[in-house]
Amino acid sequence: MIKKKVEIGGPLTNSELILMNILWDAQRPITGPEILAYVNASPEGPAFARTSYHAMVNNLLDKNYIISIGGCGHGKNQARKFIPALSRNEYYAHQLTSSKRFSPSDIPDLVCSLFSYSNVTSEEKEAILKSIDALVREDAQE
């Protein structure tokens with residue numbers, strides 16, 4: 001089933017994209033301290049300053065990229081948990097389709113480009129095309 005579009009506001013900064021990648025990779029709700037632990041454990045060093053973390057989270061909440069789903073812990077040690085409001089693929093699809101030069105007629109060429117850059121085999125391509133066809137037909141019936 002094709003998911004309904006999430007209304008997001010504005011592009012992501014590089015630091016916000018790093019934070020989103022942490023959330024996407026986690027595949028579960030995670031807390032701020034967990035996010036900061038991932039950032040600080042990076043072999044390249046911290047991707048953003050701890051002091052900017054809260055501003056970034058608030059920006060992502062305001063832009064509808066993430067959702068706060070409550071907290072864990074007790075008293076002053078309570079930490080909110082966050083999940084992405086859209087998947088990584090939905091984000092990149094939004095990036096492509098929000099361009100002023102994008103047209104729905106570009107979709108077949110985009111799919112071909114994805115095949116080209118991902119080096120899929122003929123068998124994989126056939127399976128993917130069948131999956132796309134099934135998803136599009138299912139969406140058309142709704």
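The values are calculated or read from the model by the stated rules, or taken from the named source; none is laboratory data. Everything numeric in this text was worked out from a predicted model, so none of it was measured. Cβ: placed from backbone, ideal geometry, glycine included. Neighbour counts: every protein chain shown. Only protein heavy atoms, including side chains, enter the accessible area calculation; ligands, DNA and RNA are left aside. Shrake-Rupley method; radii C 1.70, N 1.55, O 1.52, S 1.80 Å.
Annotations
- The single residue among GLU90, GLU124 that is at pLDDT 90 or above, of a type outside the set (Ser, Thr, Tyr) and under 21 Å from the mean Cα position of the chain (by Cα) turns out to be GLU90.
- For region 24-60, a tally of residues being within 19 Å of GLY10 (Cβ to Cβ) and either part of a loop (DSSP other than H, G, I, E, B) or open to solvent by less than 40 Å² (accessible area, probe 1.4 Å) (or both) returns 6.
Yes/no matrix, rows are residues, columns are (1) aliphatic (A, V, I, L, M); (2) touching a residue at least 12 places away in the same chain (Cβ under 8 Å):
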{"position": "ARG80", "(1), (2)": "no, yes"}
{"position": "ASN89", "(1), (2)": "no, no"}
{"position": "VAL111", "(1), (2)": "yes, yes"}
{"position": "SER122", "(1), (2)": "no, no"}
{"position": "GLN141", "(1), (2)": "no, no"}
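- Flag if ILE67 is at pLDDT 90 or above and either farther than 19 Å from GLY32 by Cβ or touching an Asp or Glu at 6+ places or on another chain (Cβ under 6 Å) (or both): no
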